[in-house]
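I have placed the structure first, in the form of structure tokens, so that the comments after it can refer back to it.
Here, each number is a calculation from the coordinates, and none is a lab measurement. Every value quoted in this text rests on a predicted model; they were computed, and no experiment measured them. Backbone-built Cβ (ideal geometry, glycine too); neighbour counts: all protein chains shown.
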Amino acid sequence: MGDSTTASRPGKGTVFVRSEICKGCSFCVDFCPTDCLSFSTEFNPKGYHFPVLSAPEACTGCDLCGLYCPDFAIYGERWKDIDERKAKGRPQPVPEPAAPAPVKPAWGTLVPTDPRGVLTGLHFMDGDHATCEGAIAAGCRFAAGYPITPSTEVVERFAARIPVVGGLFIQMEDELASSIAVQGAAWGGKKTLSVTSGPGFSLMMEHIGLAAVTETPGVWVNVQRGGPSTGLPTLPGQADMMQAKWGSHGDYEIIALVPNSPQECFDLMIKAFNLSEVYRCPVMFMMDEVVGHMVERVEIPPAERIQVVPRRLTTKPKGEYLPFATTSEDLVPEMTVAGAGHRIHVTGLTHDERGYPAMNAAAQDKMVTRLVRKIRDHADALVDVREHYLDDAEIVVVSYGITSRIAKSAVDDARARGLRVGHLRLRIVWPFPAARIRALCQHAKAFLVPELNMGQVVLEIERVVAGQAKVIGIPHAGGSVHEPDAILKKIIEATQ
Ligand code: SF4
Ligand code: SF4
């Protein structure tokens, strides 16, 4: 790693190495024009030797090593550029409003997480790796997946880390198998994760429906890429937002979170696991390729500050427990661990409180109504948005994921021009924050919705706004991100 003190500045530049993610491919060492890199004798957590700057006086900071590294594990920078960057200081973002209180179960209490999985400290990591760390910190001890770009790094890291924490990763034969393996593990008492992208998400849909109907907790990560079909494996998209909500057949509800930074990948992953335990439903974690691969500072707090929801296990005696029994006040049933002694029957068929198939209209009405209501009745409690300049906004830009960072920059520009524009960022998209959007209609004359798809969440905003204001989509087919000026131009047009 480079050192910026003048006394220790041989050469014209230096390199920064993320040794923990290096896969030892040797591209950087082979292509360095001044032969100043060599391999360390140490092993990284993946079992590879990683590069070190062995002849610092020869490094020019040209960044060819960074250009050739397939894993963004190294980059070079000139001392001159490092100094200039430091002199400018880091841009000071407008602070985000305080986060809402953590999810609290109506039953039991939040408890500090198991410290074995928590890498407390400051890190420089990408969103995929931060997602993995968030899952482990949340208590996830089982993951199953099948590699697919741009999500593979999540489970690659999980596979490397979980043996020392005490858990298991299985690479299954495909996404169908992965999405059912996690459900077996969940009924075996584990908090579970499955990770995919693009066509893999489509393959998982049947089993996501099964998790919904069997009320099996678990988190499904989709690092969205350009589609349809195999589309753009290495480039971003946000075109699975409706699939997350409606992708499996039948009526059911899920919860979907959308992080916009590696830090949020960590933080919201804890929340995703907690929500899946509170509501016993599949929780979708809708990242995108840019958030998955961008590398930023991630702060992992001490384990005692990470509050998790333990599984709500029944305390009923063996003969009295009914696995799907609920009350009118509490629509989420208690769970048990398969093999612990309680009698359970878990099926995708419409079932009664015992879990036994009950295939008639009355049983269907009772079961489906409860599955839907246990989420919809709590939609207001589940609202998680970030707001900027909304008090007097006549134009509201609504966005999520990577697009929200670009939209925020366009909104800042518009404010600097004196335009009454605000920004609403969705961190939970499903259930949709309908009440908040309706409240904004009191002074907003237009909603602008940039997203990396041809118009998905904008449809929900149209439905909620119901003609009280204009709703203007800013579609983008994916493969890259919006230019801030394209959003700014639409903001200016909307004010006229
Ligand atoms: S920055 Fe350039 S000179 Fe320095 S190690 Fe990388 S490739 Fe070599
Ligand atoms: S190119 Fe990247 S992954 Fe390959 S050895 Fe160098 S740092 Fe490691």
Notebook entry, point to check: Given H placed on each backbone N at 1.01 Å, which residues far from Leu235 in sequence or on other chains put an amide H within less than 5 Å of it?
Noted result: Gly226
Item checked: Placed amide H near Gly355: partners under 5 Å, 5+ positions off or other chain -> Phe324
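List Trp220, Trp187 from most exposed to least, where exposure is judged by having the fewest other Cβ atoms within 10 Å.
Values: Trp220 28, Trp187 19.
Ordered from fewest to most neighbouring Cβ atoms within 10 Å, Trp220, Trp187 come out as Trp187, Trp220.
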Next item on the list: Under a cut-off of 14 Å between alpha-carbon atoms, report the aspartates and glutamates in cross-link reach of Lys318, not counting same-chain residues fewer than 8 places apart.
Entry: Glu334
Checklist line | For the chain, size of Cβ-based charge dipole, Lys and Arg +1, Asp and Glu -1, in debye | finding: 860
Item checked: Sorted peptide list for 277-288, 309-320, 455-466, criterion being average Cβ within 10 angstrom, highest first -> 277-288, 455-466, 309-320
Note to self: Which entries of Lys80/Lys490; Lys316/Lys374; Lys374/Lys470; Lys245/Lys408 have Cα-Cα distances beyond 30 Å here?
What the structure shows: Lys80/Lys490; Lys374/Lys470
Next item on the list: With a ≥ b ≥ c taken as the square roots of the eigenvalues of the C-alpha gyration tensor of the chain, please select rounded if a/c is under 1.5 and otherwise prolate if a/b is larger than b/c or oblate if it is not?
Entry: oblate
Notebook entry, point to check: What aspartates and glutamates could a cross-link reach from Lys445, if we take a straight Cα to Cα line under 15 Å and drop same-chain neighbours fewer than 8 places away?
Noted result: Asp391, Asp392, Glu394, Glu462, Glu493
Note to self: Please report the spacing between the Cα centers of region 150-226 and region 418-438 in Å, no decimals.
What the structure shows: 30
Next item on the list: Within region 148-255, report the GluC sites (Glu not before Pro) that DSSP leaves as loop and that have at most 16 other Cβ atoms within 10 Å.
Entry: Glu173
Check: By how many degrees, 0 to 90 and rounded to 10, does the Cα axis of helix 79-88 deviate from the longest principal axis of the chain?
Finding: 60
Item checked: Packing-based order for 130-139, 66-75, using average beta carbon neighbours within 10 Å, highest first -> 130-139, 66-75
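Suppose the chain between His345 and Arg9 were pulled fully straight at 0.36 nm per residue; how much longer would it get relative to their current alpha carbon spacing?
The His345-Arg9 span can extend by a further 114.2 nm.
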Next item on the list: May I ask for the distance between the Cα centers of region 106-135 and region 317-366, given as a whole number of Å?
Entry: 32
Next item on the list: Please report the relative contact order for the chain, taking Cα pairs under 8 Å with a sequence separation of at least 6, and give it as a percent rounded to a whole number.
Entry: 13
Checklist line | Phi to ³J(HN,Hα) by Karplus 6.51 cos²θ - 1.76 cosθ + 1.60 over region 167-182, Hz, x for Gly, Pro | finding: x, 9, 10, 10, 8, 8, 6, 6, 6, 4, 5, 4, 6, 9, 4, 5
Margin query: In whole Hz and in residue order, list the ³J(HN,Hα) couplings for region 37-50 that follow from phi through the Karplus curve 6.51 cos²θ - 1.76 cosθ + 1.60, θ = phi - 60°; x for Gly and Pro.
Written below: 9, 8, 8, 5, 7, 7, 9, 8, x, 8, x, 10, 6, 10
Item checked: Signed unit charges on C-beta, dipole axis of the chain, positive-most listed residue Ala239, Leu37, Ile21 -> Ala239
Check: Can you list the HN-Hα couplings for region 420-434, worked out from phi with the Karplus curve (6.51, -1.76, 1.60; θ = phi - 60°), rounded to whole Hz and with x for Gly and Pro?
Finding: 8, 10, x, 10, 10, 9, 8, 9, 10, 8, 10, x, 7, x, 4
Margin query: For His378, His423, His249, His476, which order do you get if you count the other beta carbons within 10 Å of each Cβ and list the fewest first?
Written below: His249, His378, His476, His423
Check: What does the helix-only formula give at 222 nm for the chain: each DSSP H stretch with n ≥ 4 adding -39500 (n - 2.57), the total divided by the residues, and the result rounded to the nearest 500 deg cm²/dmol?
Finding: -10000 deg cm²/dmol
